[in-house]
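Below is one structure, written out as C-alpha cells; the observations come after it.
The values are calculated or read from the model by the stated rules, or taken from the named source; none is laboratory data. Just so we're clear, the structure is a prediction, and the values are computed from it rather than from any experiment. Note: ideal-geometry Cβ built from the backbone for every residue, glycine included; neighbour counts use all protein chains shown. Note: accessible area is taken over every heavy atom of the protein model, side chains too, but ligands, DNA and RNA are not part of it. Shrake-Rupley method; radii C 1.70, N 1.55, O 1.52, S 1.80 Å.
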Amino acid sequence: MKSFLKKRISKINVPATPLELLSRPGGHERRLREIYGDEAAYRGIGPVFDKPLVIVGFTNRSGSNLLVDYVRQAGRANGGGEYLNHDVLEAKQEEHGFKCFPDYLRHLQKTQCKPGQSLMLKASWDQLAMLVRLNVPAMFPAVTVLHTHRNDLLAQAVSYSIALQTGRWTSLQDKSEVEPDFEFDKILSAIESFQKANLLIDLICRTHGFLRFQISYEIETRSPEAVGRMLRRAGLAQPDWQPGPPKLKKQRDARNAAFETRFLEQFRGVCGSA
C-alpha cells in the first residue's frame, strides 16, 4: 500500500509557484480580454463611484456564500454574485452589448445596489489580480476585501471534491443522485491549491493597499456575532447591527467525515514509520 501511494503522489504534476501563477492571466481574464480588447481596462481619471468596492475574496467551499448572505443582511453593500466568471459575463454581454468592461461594472452597480450601497463582487485570487491589471480599483474611492478562508483545509478539500462530482454547491440546490467517489490525489491537490490561493489574496491586498478583513468558515458557522464585529470594523454594518439566521445551511454529513478519515489513513501510510 505504502509504495503504491508513493508512486501515485510522485505522478502529481509539480504545481506552479505563487509568482508564476500571479504573472499570467487566468481563464476568466483571457476571455474578458477577448470580448473587450482595448476596452477591457478602465482608462479614466478619478473614481466613477462614490462608495468603496467590496470584494469577497474566496476559495471554493470557504464559506463565501454565507458571508455574502451576512453582508447583504447588514445593508451597506449588495450584489455578491460571481459576476466575474466568464460565462456570467458572456451572458450579460450578449444581453446588453456593453461597449467596455467598466460599463459592465456600472450596470452591476445600477441593477444590484440601492442608492448609497457599495457594489460587492466575489473574486478568486486570479480574478482579484485581473481587477488590478484592468485598473478597476481606480473606479472606486477605496477597496475593501473580505477574505473568507477555512482553517481545516482537509475538510475544505473533501467538500470541494464532493461538490465537483455532485454539482451541489449550496444547500439551496436540490439533492444530487450522484454518489461521489473518494479521490485521494484530487483532495491533496486541492489542499495545495487553497493554500496558495489564500497566500496570493493576502499578497495582492498588501501590495495594493486594499483593506483586508479575514474571517474563517469555522467562525462564520459557529459565531455569527463575530461576523457582525468584523463587518462593523469594515464599515459595512451599523454599530448595533447583529446578523440574523442565514438562508444557507451546512452540507457536511457522515460521508465528508468518512472521506477525511480515509485520506488521513492513506496519508499515514505514505509518511511511514520508524
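Residue-by-condition table, conditions (1) at pLDDT 95 or above; (2) of a type outside the set (D, E, K, R); (3) within 30 Å of Ile219 (Cβ to Cβ):
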site: Met1; (1), (2), (3): no, yes, no
site: Lys7; (1), (2), (3): no, no, no
site: Ser10; (1), (2), (3): no, yes, no
site: Ala16; (1), (2), (3): no, yes, no
site: Pro25; (1), (2), (3): no, yes, no
site: His28; (1), (2), (3): no, yes, yes
site: Gly57; (1), (2), (3): yes, yes, yes
Give the residues of the range 153-175 that are open to solvent by 40 Å² or more (accessible area, probe 1.4 Å) and of a type in the set (A, V, I, L, M), sorted by residue number. Leu164, Leu172
How do the strands (runs of 3 or more DSSP E) wholly within the range 68-174 filter down when requiring 1 or more residues that are β-branched (Val, Ile, Thr), modelled with pLDDT of 95 or more and touching a strand residue (DSSP E or B) at 6+ places or on another chain (Cβ under 9 Å): which remain? 143-149
Take residues that are touching a residue at least 60 places away in the same chain (Cβ under 8 Å) and open to solvent by 50 Å² or more (accessible area, probe 1.4 Å) and tell me which of the helices (runs of 4 or more DSSP H) falling wholly in the range 182-251 contain 2 or more. 184-208
Looking at Arg61, is it assigned to a loop (DSSP other than H, G, I, E, B), touching a residue at least 60 places away in the same chain (Cβ under 8 Å), closer than 15 Å to Ala138 by Cβ and open to solvent by 30 Å² or more (accessible area, probe 1.4 Å)? no
Which pairs do you get when a residue that is open to solvent by 40 Å² or more (accessible area, probe 1.4 Å), found in the range 141-152, comes within reach of a residue that is among the small types (Gly, Ala, Ser), reach meaning Cβ atoms under 6 angstrom, with the pair 6+ apart or on two chains? Asn151/Ser216
State yes or no: is Asn135 within 22 Å of the chain's Cα centre (by Cα), open to solvent by 50 Å² or more (accessible area, probe 1.4 Å) and on the phi > 0 side of the Ramachandran plot? yes
